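Take a look at the structure below.
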Amino acid sequence: MVKEEKEIANRPDNTAFTQQRLPAWQPMLSAGIVIPGFVLIGLAFIGIGVALFVTSRSITVLEIDYTGVEKDSPCYKCSDADVKNCVCNLVFSIDRTRVLLLWFVKLFQNYRKYAASKDDDQLSGDLDAFTAPSDSCSPYDYNSNDKPIVPCGAIANSMFNDTFKLYRVVNGAKKLVPLDGKGIAWWIDYNVKYRNPSVTPLKNAFNNTVKPIFWPKPAYQLDASDPANNGFINQDFLVWMRRAALPDFRKLYRRITEGDYAKGLPAGNYSLTIAYNYPVLSFEGTKKVVFSNVSWMGGKNEFLGIAYLVVGSLCVLMSIVMLIVYAKFKFPEED
């Protein structure tokens, strides 16, 4: 008897909401609804796919390999890892406007141990992490003299450090093309994930620490022309720390949008001076410089348009198959 009263006391109220008796709409998926639906979805996807594919095809990309493997390459002498402070020049022509300068590297940034080799506390400006780097940075946490490395880890240590200067050649004379390096990193990286220590001058925050092994200069001197673009919020550093998912990847180096080149590089002859600092032959990597224009959908990406076309075509094909099955096996009462 007591047990029965206890069960009654815990029983939900006898309302339409608690007893799940509210009226609900349950769609009746008949052939007259499903087949036209698949056709409309397929046509919409095909239309979007065509627009994306045509737009992507209109984007022109110029790639120049400067790894220096071939003996006739202007950068062949620089590919030797023992050669320091090497500079090579590439001469090329452009027939259509380009507004982006990117670099291309073949490197496995998606390797698990490589991706974990960093100290998030250190990169967020925590001074305690400067003197005691995380174990995840090993073996790039301390140098041979047992001094902490800042920033530590394999990702920071392998930062891409080739630099480029672009010249337009007119009647044999070279004119420097201004390159805009502001705002090339992700907003969330610059404003949220990476922060400099609240120490002025910034150099003092790095006392009793050393730079990464393969860096030519410390983090607080990455950009001598702009003091605000140093430390962990340096644009090139942020671009590198945003890891790529695939081994063949491109990353933005500069935009060409200033001065006489507000609309990009006009057609003509150009010369690119490269400070060749980043060795890649030891791991069979390659390096390319890429000039590209952009559209409303961004850079060149034919895969997205093809994916929409494939999905749309499959929807239309399935609607045809369902129509044939329905016409052949429909029930008499549906006539």
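Taking only protein heavy atoms into account and a 1.4 Å probe, give the accessible area per residue of the stretch 12-110 in Å².
Averaged over the residues of the stretch 12-110, the accessible area is 66 Å².
Quick check: residue separation of ARG11 and PHE164 times 0.36 nm, minus the Cα distance between them. What number comes out in nm?
Between ARG11 and PHE164, full extension yields 47.6 nm more.
Please list, or write none, the lysines whose alpha carbon is within less than 18 Å of the alpha carbon of LYS147, excluding same-chain residues fewer than 8 places away.
Partners found: LYS118, LYS203, LYS211, LYS217.
For the modelled label position 7 Å from the Cα of THR60 along Cα-to-Cβ, which residues of the stretch 163-197 have backbone nitrogen atoms closer than 19 Å?
Those under the cut-off are 167-170.
What Kirkwood hydrodynamic radius do you get for the chain when you take the inverse of the mean 1/r over all pairs of distinct Cα atoms, in Å?
25.0
What residue among PHE38, VAL69, ALA24 has its Cα farthest toward the positive end of the dipole of the stretch 1-110, where the charges are +1 on Lys, Arg and -1 on Asp, Glu, each on the Cβ?
ALA24
Going by amide H atoms built from the backbone, whose H comes under 5 Å of the H on ASN277, apart from near neighbours?
ASP162, THR163
Taking 56 Å as R0, compute the FRET efficiency from the Cβ-Cβ separation of ASN89 and VAL50 and round it to 0.05.
0.85
Calculate, for ASP180 and ARG21, the FRET efficiency according to 1/(1 + (r/R0)^6) with r their C-beta to C-beta distance and R0 56 Å; round to the nearest 0.05.
Efficiency at R0 = 56 Å is approximately 0.30.
Can you check how the C-alpha radius of gyration of the stretch 29-98 compares to 2.2 N^0.38 Å, as a plain ratio?
Rounded to two decimals, the normalised Rg is 2.26.
Please report, as a whole percent, how much of the solvent-accessible surface of the stretch 60-300 comes from carbon and sulfur atoms (probe radius 1.4 Å).
Answer for the stretch 60-300: carbon and sulfur cover 51 percent of the accessible area.
Could you give P(r) for the stretch 200-274, binned at 5 Å from zero, as whole percent values over all Cα-Cα pairs?
3, 11, 15, 18, 17, 15, 11, 6, 3, 1, 0
Report Rg (one decimal) and Dmax (nearest whole number) for the stretch 87-177, counting Cα atoms only, units Å.
Cα-based Rg and Dmax for the stretch 87-177 come out at 19.8, 57 Å.
Greater than 26 Å separation of Cα atoms is the criterion. Which listed pairs, LYS77/LYS113; LYS84/LYS251; LYS71/LYS288, meet it?
Violating the 26 Å Cα-Cα cut-off are LYS77/LYS113.
Tell me the mean residue ellipticity at 222 nm calculated for the chain from its helices only (DSSP H runs of n ≥ 4, each -39500 (n - 2.57), averaged over every residue, nearest 500).
Result for the chain, helices only: -8000 deg cm²/dmol.
Extension gain ALA228-VAL321, at 0.36 nm per residue separation less the Cα-Cα distance, in nm?
Result for the pair: 27.3 nm of gain on full extension.
If I require 27 Å or longer along the helix axis, counting alpha carbons, and a Kyte-Doolittle average no lower than -0.5, what helices from the chain are left? Use full DSSP H segments.
31-58, 302-329
Quote to one decimal, in nm, the extra length available between ILE306 and MET28 on full extension: 0.36 nm per residue of separation minus the C-alpha distance between them.
That works out to 96.8 nm of additional length.
Along the charge dipole of the chain, pointing to its positive end and built from +1/-1 on Cβ of Lys, Arg, Asp and Glu, which listed residue (ASN110, THR209, ASN161) has its Cα farthest out?
Value: ASN161.
Which peptide among 19-28, 193-202 comes first, and what is the full order, when sorted by highest mean count of other Cβ atoms within 10 Å?
Ranking the peptides 19-28, 193-202 by packing returns 193-202, 19-28.
The values are calculated or read from the model by the stated rules, or taken from the named source; none is laboratory data. Owing to the predicted nature of the structure, the values given are computational and were not obtained by experimental measurement. Counting neighbours? That spans all protein chains shown, and the Cβs are built from the backbone with ideal geometry, glycine included. Protein only, heavy atoms only, side chains kept; ligands, DNA and RNA dropped before computing areas. Shrake-Rupley method; radii C 1.70, N 1.55, O 1.52, S 1.80 Å.
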